[in-house]
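Let me begin by presenting the structure, written as structure tokens, before commenting on it.
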Amino acid sequence: MKKLTVNHMSFKQLNSLIRESSDNVFELDDVHGQRFIAAGMKNKKITIKGIPGNALGACLDLGSRIYVKNDCQDATGDTMNEGEIIICGNCGDTAGYSMRGGKLFIKESAGYRAGIHMKAYKNEKPSIIIGDTAGSFLGEYLAGGTIVVLGLNQNGKCPVGNFCGTGMHGGQIILRTDELPNDLPKQVVTRKAKKEDLESIKEIINQFCDEFSFDKNTIYNANFYILEPNSTIPYRQHYTTI
Amino acid sequence: MIVNLIQSEYEVIRDQNRCINCKLCEQQCSNGVNYYDKKLKAMLSDESKCVNCHRCVAICPTNALKIVKSQHCFKTNSNWSHHDITNIFRQAQTGGVLLSSMGNPKEYPVYWDKILINASQVTNPSIDPLREPMETRTFLGKKKLDIEFDENNNIITKTKPQMELKIPIMFGGMSYGSISYNAHKSLACAAEKLGIFYNTGEGGLHEDFYVYSENTIVQVASGRFGVHPNYLKAGKAIEIKMGQGAKPGIGGHLPGRKITKEVSKTRMIPEGNAAISPAPHHDIYSIEDLRQLVYMLKETTNYEKPIIVKIAAVHNIGAIASGIARCGADIIAIDGFRGGTGAAPLRIRDNVGIPIELALASVDKRLREEGIRNEVSLVASGTIRSSADVIKALALGADAVYISTSALIALGCHLCRSCHLGKCNWGIATQIKSLSDRLDPKEGCENLVNLINAWKREIKEMMGGMGINSIEALKGNRLMLRGIGLSEKELEILGIQHAGE
């Protein structure tokens, strides 16, 4: 295990150190907003103390795990391919953009534009779980994968902002709430979660609870809604060929 | 009573004396235009379905067919063309957005055709390409301004990553999904043989084509289809697509029926699901965000590959390019308004964007004025139709060009502009296997190699004629160009003088 005190090291130097090292486990102390940490990282594990900069774990690959003891910033898990990113705090905007596999767990809240254009294919099933709330534009253009927002501090009030699921044409958004957002586009259908729905996300919810020491019973003992696309071509413009 | 407002623009003329009723035209036309009438015992044609792709004409063993412009016409009207009127009929009937493909065909000035090339005479002799070696090789990437020395007074030769091209022509991005597997194979194979590059477009990279890695540019567009670490590593360069000339400012939409099993595997989305590319990258809302994506890709690939940013030629292109040059990109690809596409709304294709000639000239000038021309290489496209266009583009400031429509024509495309229908009779812009099988990748590759080699010879001849023996001496060499029939303003923007001056 390699310990690094980051301080004011440039991101280029820090990431180069991690990349070129033969070590597979790192503990980064005193991280001061360095960007692109673990970009494209494969088969390595990093624990971060301090605040990482933008694009943490971008293009993260197989066998990787990032554990952040605080908040993180924008573009976390951008185009993430595989692996796990665990944030014991809040994250900034555009988390998990175009995510195509792996898990992104955020203990507290996510900013705007989380989970845009996530995709799933065969065994690659990305998932984002957010403990408290998510900002507007959650899951825009969702093409596949699962987004769960638990609203743990919302007392049943709607845990997402405006324009949730705009352009959604695949995947699922699952909200733990008593109130659905009132501006969902017509291409999104909602229904109360059935037993099978909760069964299918049990594994990731349980892992989420274990990571942050949440009580599983409190989580499951609430209303869950499933948001799904109405058709596979939501923004199907009516075209006339010439 | 059925009222047919839309009449066919074209007629299929068959010389019945030559026709031998072999029915090949019936079999070959994917639109069902030609058919055998049992009663009349003759081949007939339903011109209402004809897209004017010439497949039947080309394969007729007795040359019995030709496609002519229909003599059926509206009253002459300089304001209202046949198209203006029929498009209103269409929209009144359907309420739909008019969809088209390939590049803008309208009558706007083609500046390449108003620019003339110099030749040396008397005082400065021309160079004989048969006798003297002509250097057509070029390198794309960030260049240093100064020469630096190390402690031993040796020149430091390590540079930022470069792409080596044997000739300054590359194949532009056309996604797998918009064109067929065989078309992609032809392009990849030809790029390898020629020592140049082809571009995956935004549909990802089919696993069969990883063997052509050394000659592949991988594209990262707003939909990020097929973008995973192996994909990024497979490219020799990575291109971030911010826009394209055919449809600046809007996104893309590949309909579910074109997402076949292989296309879905490459794009990594389920079969039959539409592939939507949003209008902006929804995580790039400023030049700082673009810089972040550029560096994200560089970090992911360990700074080993040049990053290209592709933009459409629009207003204030100079300022946009200046921003991109300062955000860490190694190469800027500018796509003019004549650029082609598999499908785009008609009004956007025909009315949005500016000509590449003007865009290229103003970007080159602006970057030089700001002292940052060395920070990026420029690649021009939309449209390059011949070796003469290549020479003119280089002289206006491009480091290289992308060709796409020209490449497809080399594969058999007849510019019928019906790609969006997905039934390309030449096997290029289709996913229907019986059609794409018509394009033999071996032959397609050979055709592309022939085209570029022919252009290479012509370029060497023209260069020799100018008294230049290397591409480097032609780049940005506007003194080699003169305008003809251009206004003061156009000459000023192009940075060239008028013929005779």
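One residue stands out in region B:154-179 among those that are in a loop (DSSP other than H, G, I, E, B) and in contact with a strand residue (DSSP E or B) (Cβ under 6 Å, 6 or more places away or on another chain): the one that is surrounded by the fewest Cβ atoms within 10 Å (Cβ to Cβ), namely B:Gln162. Inside region B:77-94, residues that are surrounded by fewer than 12 Cβ atoms within 10 Å (Cβ to Cβ) and either without any contact (Cβ under 8 Å) to a residue 60 or more places away in the chain or among the hydroxyl-bearing types (Ser, Thr, Tyr) (or both) make up a count of 5.
Looking at B:Glu458, B:Glu490, B:Glu501, just one residue is out of contact with any Gly (no Cβ under 6 Å at 6 or more places or on another chain), within 23 Å of B:Asp113 (Cβ to Cβ) and in a loop (DSSP other than H, G, I, E, B), and that residue is B:Glu501.
If the requirement is being at pLDDT below 95, among the aromatic types (Phe, Trp, Tyr) and touching a Lys or Arg at 6+ places or on another chain (Cβ under 9 Å), which of these qualifies: A:Tyr97, A:Tyr121?
Of the residues listed, the single one that is at pLDDT below 95, among the aromatic types (Phe, Trp, Tyr) and touching a Lys or Arg at 6+ places or on another chain (Cβ under 9 Å) is A:Tyr121.
The lone criterion from (1) out of contact with any helix residue (DSSP H, G or I) (no Cβ under 6 Å at 6 or more places or on another chain); (2) assigned to a loop (DSSP other than H, G, I, E, B); (3) more than 14 Å from chain A (Cβ to nearest Cβ) left unmet by B:Val227 is number (3).
Contact map, region B:148-166: first residue at negative phi and touching a residue at least 40 places away in the same chain (Cβ under 8 Å), second residue of a type in the set (Phe, Trp, Tyr) and part of a loop (DSSP other than H, G, I, E, B), Cβ cut-off under 9 Å, separation 6 or more or different chains; pairs are B:Lys160/B:Tyr303; B:Pro161/B:Tyr303; B:Met163/B:Phe197; B:Leu165/B:Phe197. For the structure I just gave you, tell me whether A:Ala114 is within 12 Å of chain B (Cβ to nearest Cβ), modelled with pLDDT under 95, under 25 Å from A:Asn230 (Cβ atoms) and in a loop (DSSP other than H, G, I, E, B). Considered against the rule, which asks whether it is within 12 Å of chain B (Cβ to nearest Cβ), modelled with pLDDT under 95, under 25 Å from A:Asn230 (Cβ atoms) and in a loop (DSSP other than H, G, I, E, B), A:Ala114 comes out as no. Count of region A:134-171 residues, restricted to those that are closer than 23 Å to B:Ser264 by Cα and more than 14 Å from chain B (Cβ to nearest Cβ), is 2.
Taking the criterion of being over 17 Å from B:Asp389 (Cα atoms) and not small (Gly, Ala, Ser), the residues of region B:337-353 that qualify are B:Thr341, B:Pro345, B:Leu346, B:Arg347, B:Ile348, B:Arg349, B:Asp350, B:Asn351, B:Val352.
B:Asn104 satisfies every condition listed in (1) within 14 Å of chain A (Cβ to nearest Cβ); (2) under 30 Å from B:Ile324 (Cα atoms); (3) in contact with a strand residue (DSSP E or B) (Cβ under 7 Å, 6 or more places away or on another chain) except (3). Whenever a residue of region B:264-288 is under 11 Å from A:Ala143 (Cβ atoms) and at the interface with chain A (Cβ under 8 Å from one of its Cβ atoms), its partners that are of a type outside the set (Lys, Arg) and in a helix (DSSP H, G or I), lying with C-beta atoms within less than 7 angstrom and at least six residues away or across chains, give the pairs B:Pro270/B:Ser264; B:Asn273/B:Gly256; B:Ala274/B:Gly256.
The values are calculated or read from the model by the stated rules, or taken from the named source; none is laboratory data. This structure is a prediction, so every number in the text was calculated from the model and none was measured. FYI the Cβ positions are ideal-geometry reconstructions off the backbone, even for glycines, and counts take in every protein chain you see.
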